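Worksheet: the structure to be examined is printed underneath.
The values are calculated or read from the model by the stated rules, or taken from the named source; none is laboratory data. Not measured: the values here are computed from a predicted model. Reconstructed Cβ throughout: ideal geometry from the backbone, glycine too, with neighbour counts over all protein chains shown.
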Amino acid sequence: MEANILSMENITKVYPNGFVANKNVNFSIHEGEIHALVGENGAGKSTLMKMLFGSEKPDEGRILLHGKEVQIDNPTVAIGYGIGMVHQHFMLVPSLSVADNLVIGMEPKKGGLYDVERAEEIAREASEKYNLKVDPKARVVDLSVGLKQKVEILKALVRGAKILILDEPTAVLTPQETKELFIELKHLKTQGYTVVFISHKLHEVKELCDRVTVLRAGRTIGVESVENVSEQDISRMMVGRDVRLDIDKEKAQAKDTVLRVSHINKVNALGKQVLKDVSFQIPRGVILGIAGVEGNGQSEISEIISGMDRSFEGEVEVNGKNAREMTVRQLRENGVSHISEDRMTYGIVGDGSIAENMISDRYYKKEFQKGLLLDEKKIAGLADDLIEKFNVKCDGKDQPIRMLSGGNMQKVVAAREFTSGADLIIANQPTRGIDIGASMFLRNKLVELRDGGAAVLLISADLSEVMEVSDRLIVMSNGRISAYFEDASEVTEEDMGLYMLGLKQMEPEEIRRASC
Amino acid sequence: MNTKNIEKQFQVLRTLLAIGIAIAVAFIIICFISENPLETISEFVLGPLGSKRKIGNIITNLTPMLFVGTGVCLIFSANQTNMAVEGGFFVGAMLASVVSTCVSLPTGLHTALCLLAGGLAGAAACAIPAFLFVRYQAKPVVSSIMVNNMCLYVGLFVINHLIRDPGAGFLASWRFAETSRIEEMIPGTGIHYGILIGIAVLIGGYLYLNKSKAGYEIRTVGRNVDFARYSGIQVNKVITKAQLIGGFLAGMGGAVEVLGMYKRFQYQALTNHGFDGIMIGIMAAYNPKALPLAALFLAYIRVGADCMQRSSDVPVELANIMISVIVIMIVAERFLYKMKHKRIVAAAQKELEGKEAA
Amino acid sequence: MDKIFAAIFTPEFLFSVIRVSTPLILGSMAALICNRGGMLHIAFEGIMLSAAFFGMLTSAVTQSVLLGILGAVAGGLLISLLLGYFNLVLNSDRTLTGIALNTFASAGTVFALYLLVQDKGTSSSLPSLVVPNIDIPLLKDIPVLGTILSGHNALTYAAFLIVFLTYLIIFRTPLGLRIRTVGENPNAAASVGINVLKIRFITLAISAVVASLAGAYMSMGYLSWFSRDMMAGRGFMSIAAQNLGAALPLPSLLASLAFGAVTALANVLQTLNMPSEIIQAMPYVATLIGLGFFGYGAQKSSQKRSKAVLEKARAAEEKA
């Protein structure tokens, strides 16, 4: 048995809102290995790593480094212990050169001035030593994402990191860049460095890593040597429904088509193709779920259909009309409503009252005007009515919405979006971060709306939710539809895992059924 | 006690405390420099109520503030720091003077045309920063100051070259046509009918901003532009509209001020009415409902400072020092924050206990 | 027209360009430092005004030019650190606080001026000093060049030196690197153990010292007295100049000189019987045009950049 360079024992972390992110988690790594940390969204990987890097503190448990207990209070301490982290959102300064970014906070000096040549030398030496090829003089803003990531890795290394944590490093990379990264990481391994590799992509884990720890719902499910397990095994350990939801619903009665999405392709601002030939349709009376690990194109789909994003190729038709030609308001009037995944930015205006938040999509309509002014009585009536119907816990319709809990905020959003008489409801992560009661309430509402004749597009990273609420199911992986199921209730978790994690891909003919 | 009330309470408390501190600062300054502090302070505090004329001065001081302040509420509610209301006021006064001296029309109609012209000039001034922002993302903070200075010289050019009265004995325009002047309302006070227009503008502005669909759009854009876009509001249109109307009101304020207070246009420099409007707008948190109080306060200390300057050696600028101290403290979010936070936590705990008991 | 050209193509005209540009050069460097540190604010007008006043006052009281300049710096720092305290510690809106501080400085200086000399216009009755002009040996004897470059106020030469120093501090010292890091990505700075708050205060302080020299120049060089609101928007023009100069020292210097040239031109035209009001409006109009122009340029270059990124990615994909 090899020695543990680092181990985290019985770690428990409860966030102030009561969410248990980690429960008695055990995690340990050997010196010189590449260790995968895998788990679904919300399984507790990020929280665990944040505690290791000192940005969060565990409530229980201890961290041992080389067998000695250590307190990691902040990132500076972590760096001092030789732990480096490569964040998903790079901690880089775009206008500075690569060399500048590497030495910030430990700048070499000559005669009181910052010694650029020395910094570039440090950068060049490191770049050569670790085989991470970047031009020290290049400005970070001009670099591709892949190169930026190299700079981040180098930044940790020149600060003396011996253990590198990479948080979903391949999520933003193109396949070529991913290949390069793997070569570099393997090179680091031969030099004795230890790497913690967080990922959802099991073939990557299989290809790169020595051992794998699987987390699910905040607990350690198992630690395995990668050669002893198949991707299917890992997938089975990762994916599971944490709770059985009791959704009370009849079989869907599909009617005429409301939404038709044809051959959508999108390249994002960073030059990565995030949607690849996506086509599907939703008829009235049906909830179509899109399952998948976050960041596989789901957000882009919801942005495109709701009219917030117009830079894509392909066609979107709502009620037979071309959606690309329409403004957001026209789209909404044509029967689209939309729960955004980013509640605080798009879903609400925090300083506004509950009533003000409830009318943002209809304040201009005739029924709410009284002469030149808004009909306050009517608005108040509507707000009171919705507060009651949606069971919003508050001090009244005039309370600023920012004072509500997440669940109640989302109920206000839903009260607005679910009552506009929409034919198409886009619900993007509708229950993220909110309590069980509110979640169940919203899920049942979606079913109600479906029964009322609406088409519902449910995008969710919560497997229980998307499997049990949806009638039909699309699985997305890497910007592509990897599977389509006509009947969501017949899908097994195991299959879901395989398609979500990119281990299996349906034939084009099977997927084509989604659009007819 | 719920958290909403605590927040409101603290907003009021914070404003009152800021005013209290400003007054204390003023008194301390007076004590240092006045030979007879008590008398000076009493003149400052009570002087404005000393005579009919002085009470009238409060009202005439307040009149233009209502126009500009309402305009500022509109502009700043859309989250645009467009300070061109200062220049807008000036060119509004200028163009009204031109219409007054160069056009002949029957009484009433003439005044109305002057106010309209003033308003349009003010709107034009505020339109420049608005355009630069919507089209080129140039922040209105700097551009609006440039517009102010530009307005000053353009205004002076028109006055000096178009309607200057060489026989006036000083740099001033021809006399305003009697048909265009705004009459004194209460004899011996200087209070003119402009105050009624001002009140109408204030009420109109309040209804527009707080009660109409256009106002809802402006406030929504100002508070969260992404949410506005998501809701289907056309953001650039709303931003431009708010600034045009705000500028219109400021320009109209300039027109009312010159036609009600003077016989000729005789400004030689910017008048600071725009910044008065900004100060009281901030004090009122851009809500026209609270604007009259803020305007009254500023007008009162202006007149008080004026009385004080006449009877002692303390200059009138004390009023501006006070108002800036107040604004600085009002915009400081964390001022009293700790106290507020403690109260909110205590209230929340109490509520929780109540629930558990029940 | 000939007359205009005759007036412009003289060494005296270029001399006056440098003269009127001095406060803008200093101001734009101050704005640049703040902008680099992510602390760009609009209180420069107030900082300069306060510095102009305290410079005048200190020099009159102590009868020392050097102490006068130190007084100016203290006056500028006062406003700047107030801004820092309210913005960084009490979390207030920087722009609104800036507006209020400008009003504070404007009213405060007039208030104090009146107390000192019972005059709200100028301090000309106080025996304040001016920073001396310097004739540069050898250079002053060269025809044309000597007339243009020699005989300026010492603070004018200081301004050019400060352009260089700004470059040095911001781009060539560890402190400058930290200032830029905090300005662009405070999280990145904090993640490597940099004290963000401290760096922000340092940024404000350095820039206030530079801006204060602009104020000192106005009351102890450009004029030999303090007059009310004597900055006349120069603080804001400085911000525009560094905007136009993309927060780089040399381009900002050039933008300041360009604004200065318009002002100097206005002064020349005034003597040629052109309507003075239109001429006086010229620098402000020029600034507005400059702001629009900069916005246009920034739009175009960001479009170009995203296009380049896309093309690069496409090319890579095709290759693969």
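Details
- Among residues of region B:228-272, those that are touching a residue at least 60 places away in the same chain (Cβ under 8 Å), farther than 19 Å from B:Leu116 by Cβ and polar (S, T, N, Q), counted: 6
- In region A:225-238, the count of residues that are in contact with a strand residue (DSSP E or B) (Cβ under 9 Å, 6 or more places away or on another chain), at pLDDT 90 or above and not in a loop (DSSP other than H, G, I, E, B) is one or more.
- Residue match in region C:165-175 (condition: more than 13 Å from chain A (Cβ to nearest Cβ) and among the charged types (D, E, K, R)): no
- Restricting region A:380-390 to residues that are in contact with a helix residue (DSSP H, G or I) (Cβ under 6 Å, 6 or more places away or on another chain) and either in a helix (DSSP H, G or I) or within 12 Å of another protein chain (Cβ to nearest Cβ) (or both) leaves a set whose member that is nearest to A:Ala414 (Cα to Cα) is A:Leu386.
- Hey, A:Lys13 assigned to a helix (DSSP H, G or I) and either in contact with a Pro (Cβ under 7 Å, 6 or more places away or on another chain) or not hydrophobic (A, V, I, L, M, F, W, C) (or both) or not: no
- Hits in region C:210-229 - residues which are among the charged types (D, E, K, R) and within 17 Å of C:Leu126 (Cα to Cα): C:Arg228
- The criterion of at least 1 residues that are within 30 Å of A:Ala323 (Cα to Cα) and of a type in the set (S, T, N, Q) is met by the following helices (runs of 4 or more DSSP H) wholly inside region B:148-239: B:213-223, B:225-231.
- In this structure, B:Arg223 does satisfy being out of contact with any helix residue (DSSP H, G or I) (no Cβ under 8 Å at 6 or more places or on another chain) and either among the small types (Gly, Ala, Ser) or in contact (Cβ under 8 Å) with a residue 60 or more places away in the chain (or both).
- Residues satisfying the stated conditions in region C:172-198, i.e. under 28 Å from C:Leu254 (Cα atoms), in contact (Cβ under 8 Å) with a residue 60 or more places away in the chain and surrounded by fewer than 22 Cβ atoms within 10 Å (Cβ to Cβ): C:Glu184
- Of the residues making up region B:133-148, those that are within 8 Å of chain C (Cβ to nearest Cβ), surrounded by fewer than 24 Cβ atoms within 10 Å (Cβ to Cβ) and not basic (Lys, Arg) are B:Tyr136, B:Gln137, B:Val141.
- From the list A:Ala99, A:Ala123, the one residue that fits, being within 19 Å of C:Ala189 (Cα to Cα), touching a strand residue (DSSP E or B) at 6+ places or on another chain (Cβ under 9 Å) and free of Cβ contacts under 8 Å to residues at least 40 places away in the same chain, is A:Ala123.
- Any chance A:Gly285 is within 14 Å of chain C (Cβ to nearest Cβ) and part of a loop (DSSP other than H, G, I, E, B): no
- When the residues of region C:87-127 are filtered to those that are outside any helix (DSSP H, G or I) and within 9 Å of another protein chain (Cβ to nearest Cβ), the one that is nearest to C:Phe226 (Cα to Cα) is C:Lys120.
- Screening the candidates A:Leu446, A:Leu473, A:Leu457 for the property of being buried (at least 18 other Cβ atoms within 10 Å of the Cβ), out of contact with any Gly (no Cβ under 9 Å at 6 or more places or on another chain) and closer than 20 Å to A:Lys255 by Cβ yields one hit, A:Leu446.
- For A:Val293, the criteria (1) at pLDDT 95 or above; (2) in contact with a His (Cβ under 9 Å, 6 or more places away or on another chain) hold in every case but one, which is (1).
- Segments classed as helices (runs of 4 or more DSSP H), wholly inside region C:194-297, with at least 1 members that are facing chain B (nearest Cβ under 9 Å), modelled with pLDDT of 90 or more and on the phi < 0 side of the Ramachandran plot: C:234-244
- Considering region C:139-183, and only residues there that are touching a Leu at 6+ places or on another chain (Cβ under 9 Å) and among the aromatic types (Phe, Trp, Tyr), the residue that is farthest from C:Tyr217 (Cα to Cα) turns out to be C:Phe171.
- When A:Asn428 is tested against (1) touching a Gly at 6+ places or on another chain (Cβ under 9 Å); (2) closer than 21 Å to A:Asn408 by Cα, only condition (1) is not met.
- Test: A:Ile221 is within 13 Å of A:Ile34 (Cβ to Cβ), touching a helix residue (DSSP H, G or I) at 6+ places or on another chain (Cβ under 7 Å) and in a strand (DSSP E or B): no
- Checking A:Thr327 against (1) out of contact with any helix residue (DSSP H, G or I) (no Cβ under 8 Å at 6 or more places or on another chain); (2) surrounded by 14 or more Cβ atoms within 10 Å (Cβ to Cβ); (3) polar (S, T, N, Q), the condition it does not meet: (2)
- A count restricted to region C:111-130 and to residues that are touching a residue at least 40 places away in the same chain (Cβ under 8 Å), under 20 Å from C:Gly71 (Cβ atoms) and surrounded by fewer than 24 Cβ atoms within 10 Å (Cβ to Cβ) stands at 9.
- Yes/no for A:Ser235 being crowded, with 20+ Cβ neighbours inside 10 Å, hydroxyl-bearing (Ser, Thr, Tyr) and under 28 Å from A:Ser302 (Cβ atoms): yes
- Of all residues in region A:14-36, those satisfying the criterion of being among the polar types (S, T, N, Q) and in contact with a Gly (Cβ under 8 Å, 6 or more places away or on another chain) are A:Asn17, A:Asn22, A:Asn24.
- Tally, over region B:87-142, of residues that are touching a helix residue (DSSP H, G or I) at 6+ places or on another chain (Cβ under 8 Å), without any contact (Cβ under 8 Å) to a residue 24 or more places away in the chain and of a type in the set (Gly, Ala, Ser): 1
- Any hit, region B:307-326, residues being closer than 24 Å to B:Ala18 by Cα, touching a residue at least 40 places away in the same chain (Cβ under 8 Å), part of a helix (DSSP H, G or I) and away from chain C (no Cβ under 11 Å): yes
- A:Lys23 being of a type outside the set (Val, Ile, Thr) and in contact (Cβ under 8 Å) with a residue 60 or more places away in the chain: yes
- When region C:51-67 is filtered for residues that are out of contact with any Leu (no Cβ under 6 Å at 6 or more places or on another chain) and buried (at least 19 other Cβ atoms within 10 Å of the Cβ), the ones remaining, listed by number, are C:Ala51, C:Ala52, C:Phe53, C:Phe54, C:Gly55, C:Met56, C:Leu57.
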